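Worksheet: the structure to be examined is printed underneath.
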Amino acid sequence: MLTLRNIKVWDTDEIIDLKVPADGTLFEDGARGADGSAVSGDVEIDATGLTLAPGFADPHVHFRDPGQTYKESMVSGCAAAASGGYTDVLIMPNTVPAMDGETIADPGAPGAREVLDAGYDSVIDYLQHYGAAHDVTLPVRYDLCVCASKGRAGREATDLEHWRRYMPGVDDGSKDTYQLAHPVTAISDDGSAVTPEILDDVFALAKASGLTLIEHCEHHDTGAVNEGPVSRELNVPGIPEDTELKVVARDIAKARETGVHVHFQHVSTAISFEAIRAAKAEGLPITCETAPHYLALSDEALLEYGTLAKMNPPLRSEADRKATVAAIADGTVDLLATDHAPHTMEEKALGFLEAPNGIIGLECAYGVCHSRLVDGGFISDKRLIELMSVEPMRLMGHEPTDVTALLDRETDASQEPDAKRVLDLSAVRDETADGIGLVVLDTAAEWTVDPERFHSKARNTPFGGWKVTGLPLATIIGRNLAFSRL
Ligand SMILES: [Zn+2]
């Protein structure tokens, strides 16, 4: 049993003791046992100054499984998530083949063999049963995001009848309980915006399913980096600033017309935030996220980090970066997501035109965001937890763990009224344990981002060597310590 004495509950500031059965710890990072071994037996830690919060949730990750597991896999991606303090992630559908709910027709297509050899005939089914098929226990929970278009090709909307049974709360008699663990909770063609030719069909699909449309709000046919002084200095074709706004404005109009909830991914420009602010003021069902790199970096970073600062949408101007921080501070931004996008360093070495877009983010997101937003004086520690835990969980249709409600329900009622409460996770009821996702945070820890220590297979991040403040120390799911660096 691991006992954390005097830990602070994130939203009420109540000081409690937390007991976690540590025998089932899935993996760790930096053991503290006297003999250097992992946490085992009874360990007590003075957790004064540490914070207990609902686990982080990221509704925007790419784990490249099936199809591109040389970049990342469900195993390495989930490990990266757990080590970053995340308990829940939403897997984007640009797997290979794409996660569109269709039965794989061509066994020779890229990635198809991985799915078929595991005994499944669709990517959704493969990911539903990943743990059992690969004989692994993944350390975080995950939901699935289904494609908006078949093959994610933008030509024909996906067929609701082909994936409806994977939605939460839909019972057609074919589901086992394992399938229910990884429901389809959103629709997206992430990697691309929904194409104009199927826009009406996709909004109809979102409406019929009741799911949120998660929109990659960026479309450009040419250009590799933000258009401006930096693109001219690098002599790389530029992407105009309004390529994001065009999709944002189009979808806001559609949301007004249909009532469908649209969530905009990785918003990066002042003009888009203006449009979203106005849509929210109008009461439209619009939410948005931004990513750590848009609040921490501008396109100037291309000069320092090269293609490690190449992403889509591109890093924009310093004025846009400041507008991003302002939109976080004033509540226009609903949540923070990483867009964790693993690529190999060989791929990233291809130069500005050829290198793939995107960076990994799960393992330093909290440190980067805490340093820039909380230490920078823009938001409070509590607000950062809302942006990284509470709001993303709700976007995925789940309730974040309410620590105080857990204490009220599960602590010993015979205790003295003024005594410090003890939350013993080994003793919580089964139905309660299922929903628990927690993170232990050291909000004051100063550390240096070292990509070589990441659990992700990938190293593509511009944040290597950054000194940041704020470190997740343990990730708890159910009664288990899923990850620990205590
Ligand atoms: Zn993405």
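Assorted remarks:
- Asp159 vs. criteria under 20 Å from Val260 (Cβ atoms), of a type outside the set (Val, Ile, Thr), touching a residue at least 40 places away in the same chain (Cβ under 8 Å) and out of contact with any helix residue (DSSP H, G or I) (no Cβ under 9 Å at 6 or more places or on another chain): no
- On the stretch given as the range 78-111, residues that are crowded, with 24+ Cβ neighbours inside 10 Å and either more than 20 Å from Asp189 (Cβ to Cβ) or free of Cβ contacts under 8 Å to residues at least 24 places away in the same chain (or both) total 10.
- For Ser426, the requirement of being modelled with pLDDT under 95 and part of a loop (DSSP other than H, G, I, E, B) is not met.
- Verdict on Glu391 being at pLDDT below 95 and under 29 Å from Glu14 (Cβ atoms): no
- Residues within the range 334-353 that are acidic (Asp, Glu) and part of a loop (DSSP other than H, G, I, E, B), tallied: 2
- Residues satisfying the stated conditions in the range 76-109, i.e. over 30 Å from Glu399 (Cβ atoms), more than 15 Å from the ligand (Cβ to nearest atom) and not hydroxyl-bearing (Ser, Thr, Tyr): Pro97, Glu102, Ile104, Ala105, Asp106, Pro107, Gly108, Ala109
- Test: residue in the range 242-256 that is within 16 Å of the ligand (Cβ to nearest atom) and out of contact with any Asp or Glu (no Cβ under 9 Å at 6 or more places or on another chain): no
- For the range 259-271, the set of residues classified as more than 21 Å from Ala208 (Cα to Cα) and away from the ligand (no atom under 16 Å from the Cβ) consists of Thr269, Ala270, Ile271, listed by residue number.
- Hits in the range 385-402 (condition: under 15 Å from Val333 (Cβ atoms), touching a residue at least 60 places away in the same chain (Cβ under 8 Å) and touching a helix residue (DSSP H, G or I) at 6+ places or on another chain (Cβ under 9 Å)): Met388
- In the range 4-15, the residues that are buried (at least 17 other Cβ atoms within 10 Å of the Cβ) and among the β-branched types (Val, Ile, Thr): Ile7, Val9
- Condition check for Leu213: closer than 30 Å to Tyr130 by Cβ and modelled with pLDDT of 95 or more: yes
- Condition met for Val260 (among the aliphatic types (A, V, I, L, M), modelled with pLDDT of 95 or more, closer than 16 Å to Ala206 by Cα and touching a Ser or Thr at 6+ places or on another chain (Cβ under 9 Å)): yes
- Residues being more than 16 Å from the ligand (Cβ to nearest atom), in contact with a helix residue (DSSP H, G or I) (Cβ under 9 Å, 6 or more places away or on another chain) and farther than 23 Å from Leu486 by Cβ - total across the range 42-72: 2
- Every residue from the range 354-367 that is in contact with a Pro (Cβ under 8 Å, 6 or more places away or on another chain), part of a loop (DSSP other than H, G, I, E, B) and over 19 Å from Ser73 (Cβ atoms): Cys364
- Pairing each residue of the range 225-251 that is among the β-branched types (Val, Ile, Thr) with any residue that is assigned to a helix (DSSP H, G or I), provided the two are 6+ apart or on different chains, yields C-beta distances under 6 Å for Val225/Ser231; Val225/Leu302; Val230/Leu302; Val248/Ser272; Val248/Ala275.
- Members of the range 330-346 found to be in contact (Cβ under 8 Å) with a residue 60 or more places away in the chain, away from the ligand (no atom under 16 Å from the Cβ) and of a type in the set (Asp, Glu), listed by number: Asp334
- Filtered residue count, the range 190-223, keeping only those that are within 14 Å of the ligand (Cβ to nearest atom), charged (D, E, K, R) and more than 14 Å from Pro59 (Cα to Cα): 1
- In the range 355-409, the residue that is farthest from Ala296 (Cα to Cα) out of those that are in contact with a strand residue (DSSP E or B) (Cβ under 6 Å, 6 or more places away or on another chain) and within 16 Å of the ligand (Cβ to nearest atom) is Met396.
- Within the range 276-284, at least one residue is in contact with a Lys or Arg (Cβ under 7 Å, 6 or more places away or on another chain), hydrophobic (A, V, I, L, M, F, W, C), at pLDDT 95 or above and more than 30 Å from Lys348 (Cα to Cα).
- Meets criteria (crowded, with 17+ Cβ neighbours inside 10 Å, at pLDDT 95 or above, under 24 Å from the mean Cα position of the chain (by Cα) and among the acidic types (Asp, Glu)) for Asp442: yes
- In the range 289-329, the residues that are among the aromatic types (Phe, Trp, Tyr) and either within 16 Å of the ligand (Cβ to nearest atom) or buried (at least 24 other Cβ atoms within 10 Å of the Cβ) (or both): Tyr294
- Count - residues of the range 453-486 that are in a loop (DSSP other than H, G, I, E, B), within 15 Å of Ala47 (Cβ to Cβ) and in contact with a Lys or Arg (Cβ under 7 Å, 6 or more places away or on another chain): 1
The values are calculated or read from the model by the stated rules, or taken from the named source; none is laboratory data. As the structure is a computational prediction, the values presented were derived from the model and not from experiment. For neighbour counting, all protein chains shown are included, and Cβ atoms are generated from backbone atoms with ideal geometry for every residue, glycine included.
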